[in-house]
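The values are calculated or read from the model by the stated rules, or taken from the named source; none is laboratory data. No experiment lies behind these values; they were computed from the predicted model shown. Counting neighbours? That spans all protein chains shown, and the Cβs are built from the backbone with ideal geometry, glycine included. With ligands, DNA and RNA removed, areas are computed over all heavy atoms of the protein, side chains included. Shrake-Rupley method; radii C 1.70, N 1.55, O 1.52, S 1.80 Å.
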Amino acid sequence: QVQLVESGGGLVQAGGSLRLSCAASGSFFSIGAMAWYRQAPGKQRELVASITSGVSTNYADSVKGRFTISRDNAENSVYLRMNSLKPEDTAVYYCHADAARTDRLAYAGYWGQGTQVTVSS
């Protein structure tokens, strides 16, 4: 199995910053693309940012210029630096990773349990 454990969420005032971390552990051969999603109450889960194993990145328009995704392949970890936070960024943030459990490289998607980010106005 592959486990993803997020940390770093919390309560912050508008304009503040947070850094989310997600570490993959368990039995796997390779980690592919990693990403952060978020889900606000009453809304669908949406992609915030993604990063390939080759460190190519993609961002939702709503976070471009404010959030930065990065990864440490040696640590099987992905990070999300969030600056200039807004109340509308309030959501549960989920880590996602594509992982292959053997050298056959059959990738499957895995989710973390989520971490709450609350931005007060």
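Quick notes
- From the list SER21, SER77, SER84, the lone residue that is at positive phi and of a type in the set (S, T, N, Q) is SER84.
- Of all the criteria given as (1) in contact (Cβ under 8 Å) with a residue 60 or more places away in the chain; (2) open to solvent by less than 60 Å² (accessible area, probe 1.4 Å); (3) under 12 Å from the mean Cα position of the chain (by Cα), the one not satisfied by ASN83 is (3).
- Residue count, the range 89-121 (criterion: open to solvent by 80 Å² or more (accessible area, probe 1.4 Å) and farther than 19 Å from GLY8 by Cβ): 6
- Just one of the numbered conditions (1) assigned to a strand (DSSP E or B); (2) closer than 29 Å to SER121 by Cα is not true of ASP98: (2).
- Number of residues in the range 19-51 that are farther than 16 Å from ASN73 by Cβ, aliphatic (A, V, I, L, M), open to solvent by less than 30 Å² (accessible area, probe 1.4 Å) and in a strand (DSSP E or B): the value is 3.
- Some residue of the range 54-68 being without any contact (Cβ under 8 Å) to a residue 12 or more places away in the chain and under 19 Å from GLN3 (Cβ atoms): no
- Residue count for the range 52-79 satisfying the condition of being modelled with pLDDT of 95 or more, of a type in the set (Val, Ile, Thr) and either farther than 16 Å from ALA23 by Cα or loosely packed, with under 15 Cβ neighbours inside 10 Å (or both): 4.
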